[in-house]
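The values are calculated or read from the model by the stated rules, or taken from the named source; none is laboratory data. Worth saying up front: this structure is predicted, and the values here are computed from it rather than measured. When we count neighbours, we look across all protein chains shown, and the Cβ atoms used for this are built from the backbone with ideal geometry, even at glycine.
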Amino acid sequence: MSNQYSNRSGIVKVIFLVIGVLFVLRLSMLQLFDKEYKEKAKNQSLRNVTQYPARGLMYDRNGELLVYNEAVYDLMVIPRMVKDLDTNYFCHAVGITRESFNERMEKAYKYSPYSASIFMKQISKEDFGRWENLLYRFKGFYVSKRTLRLYGKPIAAHVLGYVGEVNEKDLEKDPYYKRGDYIGKSGLEKSYEKELRGLKGKKIMHVDVHNREIGPYMHGQLDTMPLEGMNLYTTIDSELQEYAERVMANKRGCIVAIEPSTGEVLTLLSAPCYDPNLLVGRIRGENFTHLNNDIAKPLFNRALQAQYPPGSIFKVAQAMIALHLGVITPTTGFVCDKIIGCHGHPSARTVQEAIKMSCNPYFYYTYRRVIQQGKYKNAAKDSQYGLTVWHDYMLRFGFGQRLGIDLPDVKGGNIPDTSFYNKWYGKNRWSFITIYSNSIGQGEVEVVPLQMANLACIVANRGYYYTPHLVRYYGPDSTKNPAFYERHETGIERQYFDIAARGMYDVVHGAGGTAHKADVPGLDVCGKTGTAENYGNDHSVFIAFAPRDNPKIAVAVYVENAQGGGGTWAAPIASLIIEKYINGEVKRKEFEKYYTDVNPCQKLPLTRRVKKPRKR
C-alpha cells in the first residue's frame, strides 16, 4: 500500500517539475527572447523623444533676416498604447473627421504598432494650445516639438527654396533621416542642407499609466542635446530683389543681377514669382499642387533652367573670339547686305559700330571667318576645325556648361560641337552654310539667363569672371567656399573687351544704338539688346553693366513672348534695376510705373510663329 502511494507521489512531483520547467522556459522566452513583449513593456514605461534642432537662419547681404523658424508640434501616436479612447471626442478636440482618424491610425499601425509615428504634423502653437490640457486623456498620444520655416518677406522663393518631408529616396540616400523628418527640397535649403539642418538630439522619458511624462530616464544620462543648424549669410540684396519682383509681377521671364568684381548674385528671380510662405506647413501640399498645375509654371526656375536662344547678345562673344583669333581686326568692316536680314542701318565699319547697330550681316561674315579659317581645302573639314576652336572659346565664356552656382538643378545650355552636327547631319556632310544661324544667337545655340548675366560680368571685368554664387559665408566660423574666389579667364586680351564695352555704351547712348530706353541719367550704362525667336512672339533680351568703369552691377533681363525686341521691354526694365541698385531709388516715376504695370507677354497657350532671323 505504501509503495502504491509512493509511486503516486513520484508522478505528482514529476508533473510539478515539468510545469515548473515550462514556466521558467516561458518566462525566459518572454523576458529574454520575445521582442514583442519587451518592446511593449518598454514603450509603456519609456518614451524616446527626438530633439529636433532649429534649422539655420538665412540673412541677406545687409544683415536682414530672410528665413527664420517658428515652433510647431507633431502629434505622435504609439498604436498599441491607444486604449479606452473616445474617438468622437478626440476627433472633435483635434479638429479631424472620423474617416481621417481611421486613415491615420491605419498608417501608423502599418509603420509599427509599438513605435511612435506622426499622427498629425505641423500643428501651430495656437491650435495645440486649444487642446493641450486634454492630451492626458488620450492614451498613446503625445506631442513632439519642432520648428517650421517662415519668411519675413514674400520674396526670393526660387533662391531660398523650401523644405518638405523626406521620401523613400532621401531615406535610402542618407541614414541620418527617419520617416517624418524634413529636408531641403529646392534652392539654398537643398544646396546647404547639411549645414542648415544641424544634428538631432534624443531624450528618454519615464511615462506613467496616463501617458504623462514623469521624469527623465537615468536622470538624463543617455540624453543628447540637438545641435542647431548653421546660419547662411547670402549675397542677395533683399530690397533690390523685392523691387525686381514687383517690376516683373505681371510678366513671364527672369532677371539675374551680379556684382562683377566678386560674382555675388544680387538678385535672381523667375517670373511669375510666388510667396515662399505658400509652401510651408499643413497647406503646403494643396498649394504645391495649385502652383504645379499653373500654366505659367511659377515653380519653374527660368533663371537657371530655361535654355533660351540668346539672340543678338551672343554677338558680343562672337566678336571677342574673332578678334582674338585674328580673323577680323577692330577696324574690319562688312557691307550690310540682305544675306541674313539687314534692318536698313548703315554698314558697320568697325567692330564697335557692329555691336552698336547689332548688324546681322556683319556677324554672319565674322562667324564665317571663325568657322572657315582656310586651314583645309575641304569645306567640311575646315568647318569642323573652325567649330572646334569656336566651341573651346565659348566654353571659356561659361557657355555650354553648368556654371557652379550654389543652387541645384542648373542647366548648362547648348554650344554645339562637331559631334553634335556629325550626329545630326552625318560626318563631313555639313559646313558653315549649314550652321550659320549660330552667328546671331539662333540655330542650335541655347544659353541659360544666368550665363547671360555672366557674359555681362565678363565684359565688365574686361575678360574674366568669378563663379556666380549666393552665399558669402556660413556658420560661426564664417566658412567660405574657395571655388567662388577662383578667377576664370577667357584668355582674350583686355583691349578687345574695351572695344566691346565702348560698343555696348553706344548701344545705350550713341546715335543709332538699339537700347536708348536703358539710359539712366547720370550713369554710363553699357548694354546689348537681343530678340530671340521661339514659339509664339519673340523673347525680349537685354544684358548690361554699369558704370562703364569700375562696374558695380551686371544684369540680364529676359521677357518671354514680348513682341518688340530687347530695346522695347527688357532694356528699360534693366535700367530700373540698375538705377535702383546704384542710386538707391528710382526717380523716373512715370517711366517706372509704365514698365511695372505693363504686360507685354503674349497670352498662354502660345501658337507657333516661324519668321526670318531678326536683329534686336
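Give me the residue from region 580-594 that is of a type in the set (Lys, Arg) and not in a loop (DSSP other than H, G, I, E, B) and, out of that set, farthest from residue 520 (Cα to Cα). Top of the filtered list is 593.
Among residues of region 318-343 being part of a helix (DSSP H, G or I) and more than 11 Å from residue 367 (Cβ to Cβ), the one that is nearest to the chain's Cα centre (by Cα) is 320. Condition check for residue 514 on (1) in a loop (DSSP other than H, G, I, E, B); (2) surrounded by fewer than 24 Cβ atoms within 10 Å (Cβ to Cβ); (3) in contact (Cβ under 8 Å) with a residue 40 or more places away in the chain: one failure, at (2). Which of the numbered conditions does residue 524 fail, given that it passes all the others? Conditions: (1) among the acidic types (Asp, Glu); (2) outside any loop (DSSP other than H, G, I, E, B); (3) more than 32 Å from the chain's Cα centre (by Cα). All conditions pass for residue 524, except number (2). Only one entry of 453, 554, 483 meets the criterion of being part of a strand (DSSP E or B), under 27 Å from residue 232 (Cβ atoms) and among the small types (Gly, Ala, Ser), and that entry is 554.
Checked against (1) in a helix (DSSP H, G or I); (2) aliphatic (A, V, I, L, M); (3) at pLDDT 95 or above, residue 255 meets all criteria but (1). Evaluating residue 398 against the criteria (1) small (Gly, Ala, Ser); (2) surrounded by fewer than 21 Cβ atoms within 10 Å (Cβ to Cβ); (3) assigned to a loop (DSSP other than H, G, I, E, B) leaves one unmet condition, (2). Of all the criteria given as (1) surrounded by 21 or more Cβ atoms within 10 Å (Cβ to Cβ); (2) among the basic types (Lys, Arg); (3) modelled with pLDDT under 95, the one not satisfied by residue 528 is (3).
Every residue, every condition in (1) touching a residue at least 40 places away in the same chain (Cβ under 8 Å); (2) closer than 20 Å to residue 451 by Cβ, yes or no:
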{"site": "245", "(1), (2)": "yes, no"}
{"site": "254", "(1), (2)": "yes, yes"}
{"site": "259", "(1), (2)": "yes, yes"}
{"site": "268", "(1), (2)": "yes, yes"}
{"site": "271", "(1), (2)": "no, yes"}
{"site": "292", "(1), (2)": "no, no"}
{"site": "301", "(1), (2)": "yes, yes"}
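For residue 73, the requirement of being surrounded by fewer than 17 Cβ atoms within 10 Å (Cβ to Cβ) and aromatic (Phe, Trp, Tyr) is not met. Taking residues in region 435-448 that are assigned to a strand (DSSP E or B), and partners anywhere that are surrounded by 22 or more Cβ atoms within 10 Å (Cβ to Cβ), the pairs with Cβ atoms closer than 7 Å and at least 6 places apart or on different chains are 446/308; 446/309; 446/413; 447/308; 447/310; 447/399; 447/413. Only one of the numbered conditions (1) surrounded by 18 or more Cβ atoms within 10 Å (Cβ to Cβ); (2) in a strand (DSSP E or B) is not met by residue 501, and that is (2). Report, by residue number, each residue of region 282-317 that is in a loop (DSSP other than H, G, I, E, B), among the polar types (S, T, N, Q) and surrounded by fewer than 24 Cβ atoms within 10 Å (Cβ to Cβ). Within region 282-317, 307 is the sole residue that qualifies.
Here 496, 465 are screened, and the one residue that is in the same structural domain as residue 324 (by TED's automatic domain parsing), part of a helix (DSSP H, G or I), surrounded by 18 or more Cβ atoms within 10 Å (Cβ to Cβ) and not basic (Lys, Arg) is 496.
A quick yes/no check of all residues on (1) over 19 Å from residue 527 (Cα atoms); (2) in contact with a helix residue (DSSP H, G or I) (Cβ under 7 Å, 6 or more places away or on another chain); (3) of a type in the set (A, V, I, L, M):
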{"site": "331", "(1), (2), (3)": "yes, no, no"}
{"site": "338", "(1), (2), (3)": "yes, no, no"}
{"site": "341", "(1), (2), (3)": "yes, yes, no"}
{"site": "344", "(1), (2), (3)": "yes, no, no"}
{"site": "348", "(1), (2), (3)": "no, yes, yes"}
{"site": "352", "(1), (2), (3)": "no, yes, no"}
{"site": "360", "(1), (2), (3)": "no, yes, no"}
{"site": "368", "(1), (2), (3)": "yes, yes, no"}
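Looking only at region 377-395, residues that are crowded, with 21+ Cβ neighbours inside 10 Å and either in contact with an Asp or Glu (Cβ under 8 Å, 6 or more places away or on another chain) or not assigned by TED's automatic domain parsing to the domain that holds residue 465 (or both) come to 1 in all.
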